[in-house]
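The values are calculated or read from the model by the stated rules, or taken from the named source; none is laboratory data. Model, not experiment: these values are computed from the prediction. No Cβ is skipped: glycine too gets one built from the backbone with ideal geometry, and neighbour counts run over all protein chains shown. Note: accessible area is taken over every heavy atom of the protein model, side chains too, but ligands, DNA and RNA are not part of it. Shrake-Rupley method; radii C 1.70, N 1.55, O 1.52, S 1.80 Å.
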Amino acid sequence: MNDTTLKSIAKSLVPENYLAIANDARAERDKAIKLLLEKRKLPVSGWSETMIEYFVSELALLDSNNFPSRCGVGEREGRVICDLVRRRHYNFAHGIGRSGNLTDAQPKAAGSTIMANLTNSLVCDWIKSIGVPNCSKAIVIPLATGMTMMLVLRAIHSKRPTARYVLWSRVDQQSCFKAIAAAGLTPIVIDSLLVRECSVTESSHAQDVDSTCCTDLPQFVLKIKELGADQICCIVSTTSCFAPRSSDDIIELAKLCQVHDIPHIVNNAYGLQSSYFAHQLNQGARVGRIDAFVQSTDKNLLVPVGGAIVAGFTTDTVDAVAQLYPGRASGTQSLDVLMTLLSLGKNGYDNLMKERKIAHGMLLEGLTNLAQSHGERILPCRNPISIAMSLVSFEGNSNRLEIIGSMLLKRGVSGCRVVTTVDTKTIDGNTFLRWGSHNSAACVPYLTASAALGINPQDITNFLTKLDEVFLFCFHNILMTRATIIVPRYRLLKF
């Protein structure tokens with residue numbers, strides 16, 4: 001209701017002074033919405049659920065499928081037969097974009113268009129506020145990170161049609177690598193480099209235990225000279241990944257790309273929750289070249305899986321991705337992101353990042369103590385999110401290593417990865433030795449755990465307790481096995 005409607009209400013329905021108070025509250029809500037639409041900046045403090053639903057409902061009423069006088073005779077009129085589905089999507093049904101561009105306006109869906117464009121503006125403002133102030137544009141793509149990377153690669157390739165190679169710094173996650181093949185390009189795998197962190201007493205695996213995986217810059221230089229810069233479509237680097245791999249040296253790779261005029265895409269999957277990664281991105285673009293960085297919406301904004309954000313320091317690549325997207329797109333991801341950003345505000349997200357940093361310290365301390373008590377150690381790694389702990393006590397028996405992972409999963413622990421360093425994986429004809437280790441020479445088995453956005457202290461406490469129980473169980477069985485092997489004549493079946 002607007003001022004005209006409220007003023008026309010008969011005094012016999014409600015006392016005038018009561019109506020005036022209610023109207024002041026309505027005007028306050030409308031003022032906040034007006035300010036949001038004008039400034040297109042993330043509010044400092046989060047909005048209430050009631051306020052968000054009020055705003056979203058008002059936007060949905062601007063779409064033709066919600067017009068009182070609708071008379072649709074086309075094949076796509078936003079008809080939703082299941083009321084549960086209609087309410088789940090807050091009456092939005094037309095999607096976003098058009099066949100020519102993901103960010104184009106729709107004649108039938110003014111509300112959806114406002115929603116999508118406003119979301120993109122708020123996302124860009126949010127990225128700037130968390131440590132990437134030079135970000136110039138960002139858009140939400142209704143595809144998960146791997147498919148979005150493929151779309152970005154296609155957009156880059158359209159500007160370099162004769163180039164066919166992608167130099168990819170190895171990280172043992174399938175999505176980004178498969179995106180290169182899906183884009184019709186040829187991946188050139190640059191194995192990560194094992195760098196010794198500190199001097200230790202030499203033993204059979206001392207060097208591996210005290211080494212971290214990082215970017216092999218000399219190998220990138222060598223491949224550029226070998227293949228020719230004009231034959232390289234782009235370089236793909238990674239920030240956030242599983243320990244013991246560190247982030248790629250984004251800054252030096254950005255400088256390298258600028259010198260050789262090669263596009264540079266950064267897989268920043270869950271890197272926006274780290275101020276360190278944000279600084280690396282901003283600094284890389286300041287001193288070198290970063291054409292686009294891609295991140296997941298679910299990991300960085302705690303929404304359901306299915307969306308990604310493409311951002312850049314110029315508008316060229318981001319616009320090219322929007323123009324490459326075929327047909328209309330689902331507006332669900334944009335709506336999820338919009339509602340989440342409004343509910344958090346800048347202060348809410350800042351608090352989540354601070355809580356994550358505290359949780360990381362708690363997890364690191366807990367795993368360090370647990371490792372020491374079981375004769376293991378934390379693998380050195382410049383990774384502000386993921387932590388890796390050695391499993392050398394189980395070395396040589398991949399079955400026992402796999403049992404650790406399955407036992408943790410059975411106890412409700414998800415996300416903890418156990419890497420045996422003996423697995424080999426082939427993807428699209430490319431074979432990766434010691435899959436999961438990020439390096440072909442690594443030989444120390446380990447498990448990883450992450451202090452990612454949204455984790456709480458109780459999760460960490462429960463995980464450490466359950467991991468200790470699993471270790472004790474496994475060590476007990478190892479001792480039993482050894483006892484039965486050493487003196488089988490006495491039938492030591494129990495220990």
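So the values come out like this:
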| quantity | calculated |
| --- | --- |
| Alpha carbon centroid spacing (whole Å) that separates segment 101-166 from segment 260-337 | 7 Å |
| Spin-label pair T431/D230, simplified geometry with 7 Å Cα→Cβ offset, distance in nm | 3.5 nm |
| Percent RCO, i.e. relative contact order, over the chain, from Cα pairs under 8 Å lying at least 6 residues apart | 17 percent |
| Computed over segment 29-144: relative contact order in percent, which uses C-alpha pairs under 8 Å that are six or more apart | 23 percent |
| Dipole magnitude of segment 258-384, debye to nearest 20 (Cβ charges: Lys/Arg +1, Asp/Glu -1, about Cα centre) | 240 debye |
| Whole-Å distance, taken between Cα centres, linking segment 356-408 and segment 416-471 | 8 Å |
| Label-to-label distance, nm, for residues given as I358 and V14 (7 Å Cα→Cβ offset) | 4.2 nm |
| Charged-residue dipole, Cβ positions (Lys, Arg, Asp, Glu), the chain about Cα centre, Debye nearest 20 | 580 debye |
| Among T340, A292, G46 - extreme Cα towards positive end, dipole of the chain, charges at beta-carbon | T340 |
| Interchain or long-range residues, amide H under 5 Å from T314's placed H | S136 |
| Solvent-accessible area per residue for the chain (1.4 angstrom probe, square angstrom) | 47 Å² |
| Amide proton proximity set for I427, modelled H, under 5 Å, gap of 5+ | F432 |
| Separation of the D423 and S158 label points, Cα + 7 Å toward Cβ, nm | 3.6 nm |
| Gain on full stretching of the segment that runs from T4 to V287 - 0.36 nm per residue minus C-alpha separation | 96.3 nm |
| Vicinal HN-Hα couplings computed from phi for segment 174-180 (Karplus, 6.51 cos²θ - 1.76 cosθ + 1.60; Hz; Gly/Pro x) | 6, 4, 5, 5, 5, 5, 5 |
| ³J(HN,Hα) computed for each position of segment 440-445 - Karplus, 6.51 cos²θ - 1.76 cosθ + 1.60, integer Hz, glycine/proline x | 6, 9, 5, 9, 9, x |
| Between segment 20-36 and segment 176-192, the Cα center-to-center distance that results, in Å | 52 Å |
| Portion, in percent, of the accessible area of the chain that falls on carbon or sulfur, probe 1.4 Å | 54 percent |
| FRET E, pair L409, A441, Förster distance 22 Å, beta-carbon r, rounded to 0.05 | 0.15 |
| Among (1) 220; (2) 400; (3) 200, the entry that matches volume of the Cα convex hull per residue in Å³ as calculated here | (3) |
